[in-house]
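Trainee: One structure coming up, written as structure tokens, with questions to follow.
The values are calculated or read from the model by the stated rules, or taken from the named source; none is laboratory data. Note that the structure is a prediction, hence the values are computed from the model and not measured. Neighbour counts run over all protein chains shown; Cβ positions are idealised from the backbone, glycine included.
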Amino acid sequence: MKRKSIIKHALYYRKIGLYPFPVMGKIPLFKNWNKKILTPEEIINGFYQGGKLIEFSNRTNIGILTGHKVDILDIDSTEALLNLKKNGAFPNTPVAKTNRGYHVYFKHSPHLKSCSPISQVDFQSTGKFVVAPPSLHSSGNKYKFIIHPKDAAFARLPNWLDQKISAQIKAQSRPQQNDYNHGENVNWYNYFSKYVLNIKKQNSDWLTGLCPFHEDHNNSFAFSPNHGGWICFANCGQGNGYQFLEKVKRDLMEDTKNEI
Ligand SMILES: [Zn+2]
């Protein structure tokens, strides 16, 4: 692939709000790739990290950061795609063919995080990336759009898929059952709503809101009004209801002290 063509595609991705960066095969060329957003100038001319020029070349592929404008469903095989489709239909949204499977591009869902909702399927969000067309796979196959972003806007995750991913995140983050035993009579909604703003319904069990522990604009915080479990997807922490109040006392009261 010609360097000029790679850069042209990378600039196109940047123009439609995605964050492309150079990878070798499937390996990022520089450190902290998940924290660096390349400017169009850096896409064209490269940039220096640790005295080394990092740039797109005719040997590099294009990586795209997920968890910003898009989250990407990385489906490893046609079999996995068929399994997934048993649960519901996909909206019209960009899809790329990978070597053995598919990348389905969705509008970023701030309340979700990377996980594997079913076997051979990865939901790639914050802190992850995918290799994008027209990159070359080591097999010699090219990544190629089946539905191009020019022809379809990034769709929101369909409800059935959102629920499947949420359920998986919940299963992963569920604190031990014992932690809830004392909480049966607590009104967790009232408890959390003193500190969590912009509360929205996520699914039958979880609500999201603005995390009180960081400057949150994305409803990164989720809690369960049923059992008091909570998590901040921006890594402020997670735990049971009692641990939430402990953290509020520790972090927020500390801030108040500093302000006084
Ligand atoms: Zn937070």
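Trainee: Output the residue which, of all residues in region 194-212 that are out of contact with any strand residue (DSSP E or B) (no Cβ under 6 Å at 6 or more places or on another chain) and more than 20 Å from N159 (Cα to Cα), is modelled with the highest pLDDT.
Mentor: That would be P212.
Trainee: Okay, next question. What is the residue count in region 203-233 for residues that are in contact (Cβ under 8 Å) with a residue 24 or more places away in the chain and either within 16 Å of the ligand (Cβ to nearest atom) or within 17 Å of K249 (Cβ to Cβ) (or both)?
Mentor: The total comes to 16.
Trainee: Say we look at region 236-247 and pick out the residues that are part of a helix (DSSP H, G or I) and within 12 Å of the ligand (Cβ to nearest atom); which of these is modelled with the lowest pLDDT?
Mentor: Here the answer is K247.
Trainee: Taking region 156-172 as the search range and keeping residues that are touching a strand residue (DSSP E or B) at 6+ places or on another chain (Cβ under 6 Å) and surrounded by 15 or more Cβ atoms within 10 Å (Cβ to Cβ), which one is farthest from A89 (Cα to Cα)?
Mentor: Selected residue: I169.
Trainee: In region 129-138, how many residues are surrounded by fewer than 19 Cβ atoms within 10 Å (Cβ to Cβ) and not hydroxyl-bearing (S, T, Y)?
Mentor: 3
Trainee: Residue check: is Y195 over 30 Å from K86 (Cα atoms) and within 16 Å of the ligand (Cβ to nearest atom)?
Mentor: Considered against the rule, which asks whether it is over 30 Å from K86 (Cα atoms) and within 16 Å of the ligand (Cβ to nearest atom), Y195 comes out as yes.
Each row is one residue, and each column tells you yes or no for (1) aliphatic (A, V, I, L, M); (2) more than 23 Å from P40 (Cβ to Cβ); (3) touching a residue at least 24 places away in the same chain (Cβ under 8 Å); (4) in a loop (DSSP other than H, G, I, E, B).
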| position | (1), (2), (3), (4) |
| --- | --- |
| F56 | no, no, yes, yes |
| R59 | no, no, yes, yes |
| L82 | yes, yes, no, no |
| G88 | no, yes, yes, yes |
| T93 | no, yes, yes, yes |
| L112 | yes, yes, yes, yes |
| V131 | yes, no, yes, no |
| K150 | no, no, no, yes |
| A153 | yes, no, yes, yes |
